[in-house]
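Colleague: Below: one structure in structure tokens.
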Amino acid sequence: MKDSSSLSASPTKRSTVRHTRAIQRDRSKRPIVTAPDPVVAERLTELIHPHTLSQVAHYHDLGLRERILTLPVMVALVLSMIWRQIGSVSTLLHLLGEEGFLWTSPVEVSEQALSLRLRVFPAALFRDVFLSLLPALQERERVRQRPLPPELAWAKEHFSAVLAADGSTLDALLRQVGLLKDRPDTPLAGRITALLDLGARLPRQVWYEAEALAHDQRHWPQILQAVPHGALLLVDLGYTNFTLFLQMTRDQITFVTRAKVNLVYQVERVLHETSHARDRLVWIGQDATRQQVRLIEVLVGTSWHRYLTNELNPARLPPEYAVALYGQRWRIEDAFLAVKRLLGLAYFWVGSANGVELQIWATWLLYAVLVDLTDAIAEELGQPFAALSLEMVYRSLYFFTSAYQRGEATHPVVYLAQKADRLGILKKRGPPKSRLRDLALTFAQGP
């Protein structure tokens, strides 16, 4: 049987170049920001610096000589560049010489020395600092008490992890420096793929691919290696791969994805069917990839939304939970938005692939710390994470700094929780409403 729906013409994707240029102009003209207060600097140091120091031995194992711009100095410098959104290299070097950054004392460095270091400093060291930090933040999240969307709360009790995987193309490299000077085009900075823990909002893994046009499925092997047995994995249409769907079934990994409109399938058995919802066992694939899956369909307005899962037993994964959980996949899009727009990964300091990668790992480091801070505020308020604005938490640290300097605040979590309404940290409309109840009623209806 073949679905008769036809693909609608996809609109041409608008270029991000104009948007990126606007960000570049904004960053280059931005005035020097105030230094972070000691409490924020202490929090960053407490969370990140031990994991930086843990990589120093590896730094020496690589045969790297001691220089002024050592691993701890480089991590502090790049983190501060992003966290404080410093607008130019000259400003960055001036602040490094006058104030120092985080755990680094003031040091004089030439622009030439910094540019060279950004081109040759092993980006893998930054990546390893990031990956070393993640388990510590995940452990902090596990002991927190704050509400979860009902479908996520249910899933955490039934699966070893609830994860989403997706990729995102980075913006254009518009700073025509070094090897890019003579290029007539504006090359893209590459592509990132992330595996996100939906309950914690923290990445489990992030991969970088310098080839911007690389297909999403290039990282399937790494994704499957990072997903534990008994987990639920949510992926979009771009990850449709019958061979890997079969492998996940064998590896005891449950997946939920959208079904393509031209999906070819044969119905084995109807589990549930009404005018607004269907749940059926179907066969997909051919020969070695032939397998049985569930095809779940829900009528939304005038369109049928169709989902595939390899969990064949609706008692273990009710159809309303499968659909509602797939809706939580959007949280990974929120993560990409925060990393690229809020923390500035749409603006690159250098044209070298190595410099781009350094910035990528430092940005994800700061994203993870910001998620941890937002989660702590959510616990203080007794609110779900989704009720808070990650962006306003980040922007409101300015007001905490001012209050701290006046002697009116001592702890960012307590202060930002107390001022959550006034500062816009608590969303005016609250967290997005769960579709679970409406979906349960839809599937509970008779023929």
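Colleague: Give the residue that is modelled with the lowest pLDDT, with candidates limited to residues of the stretch 34-67 that are surrounded by 15 or more Cβ atoms within 10 Å (Cβ to Cβ) and not in a helix (DSSP H, G or I).
Modeller: Ala35
Colleague: Something else now. Assess whether Ser402 counts as being more than 30 Å from Trp154 (Cβ to Cβ), among the small types (Gly, Ala, Ser) and free of Cβ contacts under 8 Å to residues at least 24 places away in the same chain. Break it down stepwise before answering.
Modeller: Details: more than 30 Å from Trp154 (Cβ to Cβ): yes; among the small types (Gly, Ala, Ser): yes; free of Cβ contacts under 8 Å to residues at least 24 places away in the same chain: yes.
Spelling it out, Ser402 is indeed more than 30 Å from Trp154 (Cβ to Cβ), among the small types (Gly, Ala, Ser) and free of Cβ contacts under 8 Å to residues at least 24 places away in the same chain.
Colleague: Between Val339, Val323, which is more than 17 Å from the chain's Cα centre (by Cα), of a type outside the set (Asp, Glu) and either assigned by TED's automatic domain parsing to the domain that holds Val264 or under 19 Å from Trp364 (Cα atoms) (or both)? Write out each step before concluding.
Modeller: Details: Val339 fails: more than 17 Å from the chain's Cα centre (by Cα).
Val323 is the lone residue from the list that is more than 17 Å from the chain's Cα centre (by Cα), of a type outside the set (Asp, Glu) and either assigned by TED's automatic domain parsing to the domain that holds Val264 or under 19 Å from Trp364 (Cα atoms) (or both).
Colleague: Name the residue that is surrounded by the most Cβ atoms within 10 Å (Cβ to Cβ), counting only residues in the stretch 371-403 that are assigned to a helix (DSSP H, G or I) and small (Gly, Ala, Ser). Outline the logic, then answer.
Modeller: Just the residues of the stretch 371-403 that are assigned to a helix (DSSP H, G or I), to begin with: 371-381, 385-387, 390-403.
The next check asks that each one be small (Gly, Ala, Ser); those that pass are 376, 378, 386-387, 396, 402-403.
On the way: Ala376: 20, Ala378: 26, Ala386: 21, Ala387: 19, Ser396: 21, Ser402: 13, Ala403: 17.
For the stretch 371-403, the residue satisfying everything is Ala378.
Colleague: So, in the stretch 295-333, exactly how many residues are farther than 16 Å from Ala155 by Cβ and among the charged types (D, E, K, R)? Spell out the reasoning first.
Modeller: Taking the stretch 295-333 as the starting set, the residues that turn out to be farther than 16 Å from Ala155 by Cβ are 295, 297-306, 308, 312, 333.
Remaining after also requiring among the charged types (D, E, K, R): 297, 306, 333.
Result for the stretch 295-333: 3.
Colleague: If the requirement is being in the same structural domain as Val414 (by TED's automatic domain parsing), aliphatic (A, V, I, L, M) and under 22 Å from Lys427 (Cβ atoms), which of these qualifies: Leu358, Leu365, Leu381? Working first, answer last.
Modeller: On the way: Leu358 fails: under 22 Å from Lys427 (Cβ atoms); Leu365 fails: under 22 Å from Lys427 (Cβ atoms).
Exactly one of Leu358, Leu365, Leu381 is in the same structural domain as Val414 (by TED's automatic domain parsing), aliphatic (A, V, I, L, M) and under 22 Å from Lys427 (Cβ atoms), namely Leu381.
Colleague: Can you find even one residue in the stretch 146-168 that is modelled with pLDDT under 90 and either more than 21 Å from Ala362 (Cα to Cα) or under 27 Å from the mean Cα position of the chain (by Cα) (or both)? Give the steps one after another, and end with the answer.
Modeller: Filtering the stretch 146-168 down to residues modelled with pLDDT under 90 leaves none.
There is no residue in the stretch 146-168 that is modelled with pLDDT under 90 and either more than 21 Å from Ala362 (Cα to Cα) or under 27 Å from the mean Cα position of the chain (by Cα) (or both).
Colleague: Hey, another quick one. Taking the condition aromatic (Phe, Trp, Tyr) and in contact with a helix residue (DSSP H, G or I) (Cβ under 6 Å, 6 or more places away or on another chain), does Tyr415 pass? Spell out how you get there, then give the answer.
Modeller: Details: aromatic (Phe, Trp, Tyr): yes; in contact with a helix residue (DSSP H, G or I) (Cβ under 6 Å, 6 or more places away or on another chain): yes.
Spelling it out, Tyr415 is indeed aromatic (Phe, Trp, Tyr) and in contact with a helix residue (DSSP H, G or I) (Cβ under 6 Å, 6 or more places away or on another chain).
Colleague: Go through the stretch 206-275 and tell me which strands (runs of 3 or more DSSP E), entirely inside it, have 3 or more residues that are touching a helix residue (DSSP H, G or I) at 6+ places or on another chain (Cβ under 8 Å). Full working, then the answer.
Modeller: Numbers: elements: 232-235, 254-258, 266-273.
It comes to 232-235, 254-258.
Colleague: Got a number for residues in the stretch 359-375 being more than 9 Å from Leu202 (Cβ to Cβ) and of a type in the set (Gly, Ala, Ser)?
Modeller: Number of matching residues: 1.
Colleague: Which ones in the stretch 68-112 are in contact (Cβ under 8 Å) with a residue 60 or more places away in the chain and either surrounded by fewer than 17 Cβ atoms within 10 Å (Cβ to Cβ) or over 21 Å from His51 (Cβ atoms) (or both)?
Modeller: Gln85, Gly87, Ser88, Val89, Leu95, Glu99
Colleague: So if I check each of Val371, Val350, which one is at pLDDT 95 or above and of a type in the set (A, V, I, L, M, F, W, C)?
Modeller: Working: Val350 fails: at pLDDT 95 or above.
Of the residues listed, the single one that is at pLDDT 95 or above and of a type in the set (A, V, I, L, M, F, W, C) is Val371.
Colleague: Moving on to the next point. Can you find, within the stretch 266-298, the residue that is surrounded by the most Cβ atoms within 10 Å (Cβ to Cβ) among those that are of a type in the set (D, E, K, R) and more than 19 Å from Asn241 (Cβ to Cβ)?
Modeller: Let us first name the residues in the stretch 266-298 that are of a type in the set (D, E, K, R), namely 268-269, 273, 278-280, 287, 290, 294, 297.
If we keep only those that are more than 19 Å from Asn241 (Cβ to Cβ) too, we end up with 268-269, 273, 278-280, 297.
Values: Glu268: 15, Arg269: 11, Glu273: 12, Arg278: 20, Asp279: 22, Arg280: 17, Glu297: 18.
Per the stated criteria, the residue is Asp279.
Colleague: Right, next: Filter the stretch 404-446 down to the residues that are of a type in the set (Lys, Arg), more than 24 Å from the chain's Cα centre (by Cα) and surrounded by 12 or more Cβ atoms within 10 Å (Cβ to Cβ), then identify the one that is farthest from Val270 (Cα to Cα).
Modeller: Only one residue tops the list, namely Lys419.
Colleague: Within the set of pairs 6+ apart or on separate chains, which have a first residue in the stretch 296-312 that is in contact (Cβ under 8 Å) with a residue 12 or more places away in the chain, a second that is among the polar types (S, T, N, Q), and C-beta atoms under 6 Å apart?
Modeller: Within 6 Å, the pairs are Leu308/Thr257; Asn310/Thr249; Glu311/Thr254.
Colleague: Residue by residue through the stretch 205-243, note down the ones that are crowded, with 22+ Cβ neighbours inside 10 Å, of a type outside the set (Val, Ile, Thr) and within 28 Å of Gly355 (Cβ to Cβ).
Modeller: Matches in the stretch 205-243: His219 only.
Colleague: Let me ask something else. Hey, can you tell me all the residues within the stretch 274-300 that are under 32 Å from the mean Cα position of the chain (by Cα) and more than 17 Å from Tyr326 (Cβ to Cβ)?
Modeller: Result: Ile284, Gly285, Thr289, Gln291, Gln292.
The values are calculated or read from the model by the stated rules, or taken from the named source; none is laboratory data. Bear in mind that the values here come from a model prediction, so they are computed numbers and not experimental data. Glycine also receives a Cβ, built like all others from the backbone with ideal geometry; neighbour counts cover every protein chain displayed.
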